[in-house]
1. Can you tell me which of (1) small (Gly, Ala, Ser); (2) at pLDDT below 80; (3) surrounded by 15 or more Cβ atoms within 10 Å (Cβ to Cβ) is the one residue 199 doesn't meet?
2. Which one of the conditions (1) closer than 30 Å to residue 273 by Cα; (2) surrounded by 13 or more Cβ atoms within 10 Å (Cβ to Cβ); (3) out of contact with any Leu (no Cβ under 8 Å at 6 or more places or on another chain) does residue 122 fail to meet, given that it meets all the rest?
3. What about residue 146, is it in contact with an Asp or Glu (Cβ under 7 Å, 6 or more places away or on another chain), surrounded by 13 or more Cβ atoms within 10 Å (Cβ to Cβ) and among the aliphatic types (A, V, I, L, M)?
4. Quick test for you: out of 82, 39, pick the one residue that is modelled with pLDDT of 90 or more and of a type outside the set (Ser, Thr, Tyr).
5. When both residues are 6+ apart or on different chains and their Cβ atoms are under 7 Å apart, which pairs have a first residue that lies in the stretch 183-195 and is assigned by TED's automatic domain parsing to the domain that holds residue 210, and a second that is in a helix (DSSP H, G or I) and among the β-branched types (Val, Ile, Thr)?
6. For residue 448, all conditions in the list (1) modelled with pLDDT under 75; (2) within 27 Å of residue 61 (Cα to Cα) hold save one; what is the number of the exception?
7. Which residues, counting only those in the stretch 253-288, are buried (at least 16 other Cβ atoms within 10 Å of the Cβ) and either closer than 23 Å to residue 318 by Cα or touching an Asp or Glu at 6+ places or on another chain (Cβ under 6 Å) (or both)?
Amino acid sequence: MLNISHNKLNKKVSLEGYTAFAKAFTPKYSVYFNRFLIIFAIIGVLVLFLPWTQNVNGNGYVTTLTPDQRPQTIQSPIPGRIEQWYVREGDFVKKGDTILFISEIKTEYQDPQLVARTNEQRNAKSRSVTSYQEKIKALGNQVNALVNERALKLSQAENKLKQSGFKVKSDSIDLQAAQTNLEVAQKQYDRTVILQSEGLKAVTDVEVKRLKLQETQAKRISQENKLLASQNEVINAQLEISRIAASYADKIAKSRSDRYTAESNQFDTQAQVSKLENQATNYEMRNALYYITAPQNGYINKAIKDGIGETFKEGDKLVGIMPANYDLAVETYVAPIDLPLIHLGENVRIQFDGWPAIFFSGWPNASFGTYAGKVVAIETFISDNGKFRVLIAPDATQEAWPKSMRVGSGAYTIALLEDVPIWYELWRQLNGFPPNYYTPDGKEIAKKK
């Protein structure tokens, strides 16, 4: 009571006879309370010396251990129009099963006989290659024939040149003999003239000698003409050899030029054949792309493009698929200040969304509903959210993760670090200090070695 009345009952009325007075003012209750406080203080002090496991917390989600096991979308490498669906959302498909059929929307590929016509063009060009090969063979034979004919003609001309040379030698010898006969005839004529002037020879003898001298002179001139004709034949034979060599060189060069032109046309045609074969193969492969198939066993999650007749561009997402076989993992993120505390093989406790758990971050052994994991990958470049990505795989030596876990579920991760007293952890938390720099035993030994 406020005790504002001047009529004070506690001075007039005795309360010692009442049971409430005995319960309220008995000194034994204060003794019990004091003992409780002392025991609580002792227990509190003892608790401060209990071990506490430092940890690094992170929020993430369930994913798969390898990239090929994660949910994916199926794209079309070519633009097209949806013609028919063969699956429904939630259906299980095997690798190679047809999911939908599309049709062509580009005008240059809409010909239904495009592959057949391209093959016809390729076959025609292939026959052209064969024709050029035969032409090259014929021109090669022609060149060989011209080379052989040139050798024969040159041999004939050289023989004729030799014959002309021999004839020149013979005519030169005959000319020398005619010159000798002329000199002899001249001497005989001169002596006869001298003897006729002395009266020892008759005039008729002089005339005979004169006639013989004239005949010898005529023979010498004739023989000289023959020598000149023989020399001209040598010159003509030499010119014939040059003419034959030049003529056949021109013919052979022209034939070889035609052969090189044929070879060039053959190579060009072969390139066109290869190009047409490439086009035919591309067209066949493009026709195979009209059927969108499952890349692996999995479940159809969602049809991104709906309906019949809807068009899309190359690379557009058509349908999402979740692989049937996968190994679960957890993808979590840690702050840059905590990154040096995370190592490969680090023990991590994980609490999954949807699974009830009682968790004590400092006493993992006293927690229930959490699952063990180990760090298998640490990202070396910061993510868009300003943290580093860490991949955690199940610990094979501990309890298995729930079988009904789905990829994409939320997860809360606690990386276990060094054991410290509770009082030290409280002091660290109050001062805002980071956890102790922690290195696993195995890594510390390796570092010392």
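1. Single failed check for residue 199: (3).
2. The number of the failed condition is (3).
3. Judged against the criteria, residue 146 is not a match.
4. Of the residues listed, the single one that is modelled with pLDDT of 90 or more and of a type outside the set (Ser, Thr, Tyr) is 82.
5. Within 7 Å, the pairs are 185/216; 192/206; 193/206.
6. (2)
7. 283, 286
Rundown of residues vs (1) surrounded by 10 or more Cβ atoms within 10 Å (Cβ to Cβ); (2) in a loop (DSSP other than H, G, I, E, B); (3) among the aromatic types (Phe, Trp, Tyr); (4) modelled with pLDDT under 75, yes/no style:
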| residue | (1), (2), (3), (4) |
| --- | --- |
| 354 | yes, yes, no, yes |
| 393 | yes, no, no, no |
| 399 | yes, yes, no, no |
| 407 | yes, yes, no, no |
| 417 | yes, no, no, yes |
| 430 | no, no, no, no |
| 434 | yes, yes, no, yes |
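The values are calculated or read from the model by the stated rules, or taken from the named source; none is laboratory data. From a predicted model like this one, the values you see are computed outputs, not experimental measurements. FYI the Cβ positions are ideal-geometry reconstructions off the backbone, even for glycines, and counts take in every protein chain you see.
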